[in-house]
1. Does the range 365-394 hold any residues that are more than 16 Å from residue 251 (Cβ to Cβ) and of a type in the set (Val, Ile, Thr), and which are they?
2. When you go through (1) closer than 19 Å to residue 157 by Cβ; (2) assigned to a loop (DSSP other than H, G, I, E, B); (3) touching a Leu at 6+ places or on another chain (Cβ under 9 Å) one by one for residue 110, which number turns out not to apply?
3. Applying the selection to the range 2-45, what residues are within 22 Å of residue 154 (Cα to Cα) and in a loop (DSSP other than H, G, I, E, B)?
4. Working only within the range 270-300, note down all residues that are in a loop (DSSP other than H, G, I, E, B) and surrounded by fewer than 24 Cβ atoms within 10 Å (Cβ to Cβ).
5. Report whether or not residue 67 is open to solvent by 30 Å² or more (accessible area, probe 1.4 Å), at pLDDT below 95 and among the hydroxyl-bearing types (Ser, Thr, Tyr).
6. Please give the number of the condition residue 167 fails out of (1) under 27 Å from the mean Cα position of the chain (by Cα); (2) closer than 18 Å to residue 120 by Cβ; (3) open to solvent by 30 Å² or more (accessible area, probe 1.4 Å).
7. Restricting to the range 11-32, give me the number of residues that are under 30 Å from the mean Cα position of the chain (by Cα), of a type outside the set (Gly, Ala, Ser) and open to solvent by less than 70 Å² (accessible area, probe 1.4 Å).
8. What are the pairs, 6+ residues apart or on separate chains, where a residue within the range 189-209 that is touching a residue at least 12 places away in the same chain (Cβ under 8 Å) has its Cβ under 6 Å from a residue that is outside any helix (DSSP H, G or I)?
Amino acid sequence: MNGWRTRPVSSLIDGLTAGVSVRSTTSQTGGPSVLKTSAIDRGRFHPRESKTILPDDISRAKCPVLSDSMLISRMNTPALVGDVGYVDRDHDSLYLPDRLWLAKSRRGANTDMRWLTYYFSSERGSHTLQGLATGTSGSMKNIPKSRVLDLEIPTPSAPEQRSIANAITTADDLIATLERLTAKKQAIKQGMMQQLLTGRTRLPGFSGRWLNSTLGAIARVSGGGTPSTRISSFWGGGIPWFTPAEINAEGSGLVSSSERTITREGLASSAATLLPAGTVLVTSRASIGNCAVAAVPVSTNQGFTSLVPRDSRSTWFLYYWIQQYRSELEFRAAGSTFLEISASKVAAISLRQPNLEEQVAIGIAIRDADAEIDTLDNCLTKARAIKKGMMQQLLTGRTRLPVAATS
């Protein structure tokens, strides 16, 4: 209906070439290397995902990584078998393992290998390729070469393949740029935390001495609890009730809603307390030191030892201090079944603190960096969604792109 021909993959590519299994190591770098299966990831190729080939096996290596080719994971776990990646340049000292195939355009077919890689990394193409895998093992599947070559797929003309590939590549380039910028901003933020939270670098206008203190001196340390699950009147109220699973390891920032809520009656029946807005929620059981800031009054279960600042203006300084020094909590944790740190041990942790005004300024500076990262993350999410939509439309022929006329 869209004018595309259904063609076998064998008419588009010049066969499938695999590497060989060679002995390799990650303990040294430099020299000929063999790819890991993790070198390909949903259409992308990561050449650094490789291991150095041991000297005695270098002569056995074959199938170097070539430009304008598609790599296919022919043997992998059920979730990863059939993954593909596009290679845009030659890597003379980088070789394929036996679990990866390399495919080049068939002579005379003018197949755009970017388009073919995008097709097999799309939801439809990936599902089709994974469906070819066989094997009785639940942990490892294998795709027969003949089934890939015999597979028939809807194929646009070579000029339309290029137009589609160019459009999606533009979206991919934007995503890559945003990823690099986000990583750079995250590194800058981490450097800021290391400098500002130790006093090595001072913000303009601040020069006073930092004083030795403890977490318990600048915040009231509060625990949590769980109301009886057998009494329905304790649950479904208007008070958010957090569990450690709801707090990210990277820091959750402001939080105001939880999966479950409790009532005032449920609060009074347990060790849970009503924590005011501005409380730093700190996980203290199993996953130690994950943190968030309560945007509204909340409660927690017993997996938290939270900090209620004695002056609410200290909230963000404390939040970022916990992120930076969570190892201080982990070091003091103990337990035979799972690690846990008590409220008294948290309160006794020492720190150096500036005056309140500098604490506020440090919190604002790092929060501004966080806001920039959040903005980039939102842009990245949108860019990925746009690319996904483009692939769904362009790789199925639902939306057609103009193709330049050929003479």
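The values are calculated or read from the model by the stated rules, or taken from the named source; none is laboratory data. The model shown is predicted, which means the values in this text are computed figures rather than measured ones. Reconstructed Cβ throughout: ideal geometry from the backbone, glycine too, with neighbour counts over all protein chains shown. Ligands, DNA and RNA are excluded from the accessible area calculation, which covers all protein heavy atoms including side chains. Shrake-Rupley method; radii C 1.70, N 1.55, O 1.52, S 1.80 Å.
1. 375, 381, 386 - these are the residues of the range 365-394 that are more than 16 Å from residue 251 (Cβ to Cβ) and of a type in the set (Val, Ile, Thr).
2. Only one criterion is unmet by residue 110, namely (3).
3. Matches in the range 2-45: 2, 3, 4, 12, 14, 15, 16, 42.
4. 270, 271, 273, 274, 276, 277, 278, 286, 295, 296, 297 - these are the residues of the range 270-300 that are in a loop (DSSP other than H, G, I, E, B) and surrounded by fewer than 24 Cβ atoms within 10 Å (Cβ to Cβ).
5. Taking the combined requirement at face value, the residue does not satisfy it.
6. (3)
7. So the answer is 2.
8. 199/210; 208/355
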